[in-house]
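First the structure, in the form of structure tokens, and then the observations on it.
Values quoted throughout were computed directly from the atomic coordinates according to the rules given, and no laboratory measurement underlies them. Predicted, not measured: the structure shown is a model, and the values here were computed from it. In this analysis, Cβ positions are derived from the backbone assuming ideal geometry, glycine residues included, and neighbour counts consider all displayed protein chains.
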Amino acid sequence: MLIGIVGKPSCGKSTFFKAATLADVEIANYPFTTIKPNHAVGYVKVPCAETNFGVKCDPRVGYCIDGIRFVPIDLLDVAGLIPGAHKGEGLGLSFLNDLNQADVLVHVIDISGSINEKGEPVEPGQYDPLNDVKFLEDELDYWYLGILKKGWERLARQMVQEKSNPAKVLGKQLSGLGANEDVVGQELRKLNINKIPTQWTEEELLNLASSLRKKTKPMIIAANKIDMPGAAENLERLKEKHPEYIIIPCSAESELALKEATKKELLKYIPGDKTFTIEKPDGLNDKQKAALAFIKTNILDKFGSTGIQDVLNDAIFKLLKYIAIFPGGVNKLEDKDGNVLPDCFLIKDGSTALDFAYKIHTDLGDKFIRAIHVKKKLTIGKDHVLHNLDVIEIISNK
């Protein structure tokens, strides 16, 4: 799946992206630092199955630290969006289109209010960051509307003349956004739009666009720069005004600093943890030690983490409702190369043993006989619904 990182210029989007991926991207406090979209790998964090069997895993992709498995996911950082982006203002339209394939969006907000609606620096607190939620919702809704209305009059007449199912026609037109006939049909029923398409009003089309956007591009809010003056108060106001969103306080700069120091072996820090250990104090100057003390006191002790890992995990597991499943065998946890528990797959909650077999390989699904719940040493059938962190062996007709 693909996570799209969105927000205004200079809100900390690219810092968030770099903190999540350690990708080499340009970071600067002026609009449109990001021109071309940046694509890199981040990770979600789950307990590793190795702890259930007293072994040490050998991940094929991702990594594992102290029994915590980090499973790779794709992230995309697009250019900052400003008001009028759906009309082509700034670099908006082309970069909205870059989000077509995103399964979920992370909206990075400068919660301190230190940049205005165009991403220009202002005094902290001078701009109300709560305005950013409505701004982005509107831009995305009108972007969807623009796609929905492309050739609408001709399409509406054609649907009436041919007595076509609007859900089927629009599901095909909007498939690039992650919609399909079932999704469009559900939203049309929810909005009670049952007139013939030529009679749909502009308001009904916008409501449909908004409803489809919420369904196909669910969004989580990263309240960035939480350590700045006024940020904590703004966070509480944001949560009160928008209880429909998952909102997580973040400090992308802090996460980036901790990860870069860990990469240099100056610290031991596991992403998402509430603490870190200084491994080489002699390798840190006074300024760096002061910065780490600030992060500990004002970020980790106060909020429990820098928020970056929480955003990624909640986007995948809470919004998209995925679960993590490990392939393994009752008698052998290694693959043919001797790697222990080398894989961890992310699949939709509610998936069955047969779904998992197909996720691993088409042949396993086609030749499925049965599966084994490895922890319980229990045989299960193809319709057995899997649960998060299950270890499953697939038995097939080879």
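Compare 196, 82, 68 in a GNM of the chain, Cα atoms joined below 10 Å, and give the one with the largest fluctuation.
Highest fluctuation among the options: 196.
Just to confirm the filter: which GluC sites (Glu not before Pro) across the range 162-201 are DSSP coil and have at most 15 other Cβ within 10 angstrom of their Cβ?
Qualifying residues, ordered by number: 162.
Would you pull out the residues with amide H under 5 Å of residue 116's amide H, same chain only if 5 or more places away, H placed 1.01 Å from N?
122
Past 20 Å, Cα to Cα: identify those pairs from 18/263; 172/359; 359/398, in the order given.
Correct reply: 172/359.
³J(HN,Hα) across the range 113-125 via Karplus (A = 6.51, B = -1.76, C = 1.60, θ = phi - 60°), whole Hz, x for Gly/Pro?
Couplings: x, 9, 9, 7, 5, 9, x, 8, x, 9, 5, x, x Hz.
Hand me the trypsin sites (Lys or Arg not before Pro) from the range 324-383 located in a DSSP loop with no more than 14 other Cβ atoms within 10 Å, in residue order please.
Listed in order of number, the matching sites are 332, 336, 367, 376, 377.
Determine the gain in length on full extension of the stretch residue 385-residue 260; use 0.36 nm per residue of separation and subtract their C-alpha separation, reporting nm with one decimal.
Additional length available on full extension: 41.0 nm.
Select from 311, 44, 385 the residue whose mean-square fluctuation is largest in a Gaussian network model of the chain (Cα-Cα springs shorter than 10 Å).
385
Label residue 214 and residue 152 with points 7 Å out from Cα along Cα→Cβ: what is the distance between them in nm?
Distance between the two pseudo-spin positions: 1.9 nm.
Around residue 213, with a cut-off of 9 angstrom between Cβ atoms, what is the net charge of the other residues, counting Lys and Arg +1 and Asp and Glu -1?
+1
Using helices alone, what [θ] at 222 nm do you get for the chain, with -39,500 (n - 2.57) per DSSP H run of 4 or more residues, divided over all residues and rounded to the nearest 500? List each step's numbers first, then the result.
On the way: 14 runs with 132 residues, N = 398.
Result for the chain: -9500 deg cm²/dmol, rounded to the nearest 500.
I'd like the GluC sites (Glu not before Pro) in the range 249-311 restricted to DSSP loop residues with at most 10 other Cβ atoms within 10 Å, sorted by number.
Answer by residue number: 265.
So, counting K/R as plus one and D/E as minus one, what does the shell of residues with Cβ under 12 Å around residue 116 add up to? Kindly include the intermediate steps, with their values, before the conclusion.
Values: positive: 8, 118; negative: 110, 117, 120, 123, 128, 132.
Around residue 116, the charge tally is -4.
Taking only the alpha-carbon positions of the chain and ignoring solvent, what does the Debye formula give for the base-10 log of I(q)/I(0) at q = 0.06, 0.07, 0.10 Å⁻¹?
Ignoring solvent entirely, the Cα scatterers give -0.29, -0.39, -0.77.
Residue 219's amide H: which non-local residues (gap 5+, or another chain) put their own amide H closer than 5 Å, with H modeled 1.01 Å from N in plane and none for Pro or chain starts?
When sequence neighbours closer than 5 places are left aside, the close amide H contacts are 105.
Under the definition of Cα pairs under 8 Å and six or more residues apart, what whole-number percent is the relative contact order of the chain? Intermediate results must be reported in sequence, preceding the final value.
Values: 766 pairs, mean separation 63.6, N = 398.
Taking the mean separation of contacting Cα pairs over the length of the chain, I get 16 percent.
Given a Förster distance of 22 Å, report the FRET efficiency between residue 123 and residue 236 from their Cβ-Cβ distance, rounded to the nearest 0.05.
On the way: r = 21 Å, r/R0 = 0.93.
With R0 = 22 Å, the Cβ-Cβ based efficiency is 0.60.
Could you tell me which of rounded, prolate or oblate describes the range 149-213, using a ≥ b ≥ c as the square roots of the eigenvalues of the alpha-carbon gyration tensor, with rounded for a/c under 1.5 and, failing that, prolate when a/b is larger than b/c and oblate otherwise?
It comes out rounded by the Cα gyration axes.
Among DSSP beta bridges lying fully in the chain, give the percent that are antiparallel, nearest 5.
Restricted to the chain, the bridges split so that about 60 percent are antiparallel.
Rg to Rh for the range 322-396: what is it, with Cα atoms only and Rh by Kirkwood?
0.92
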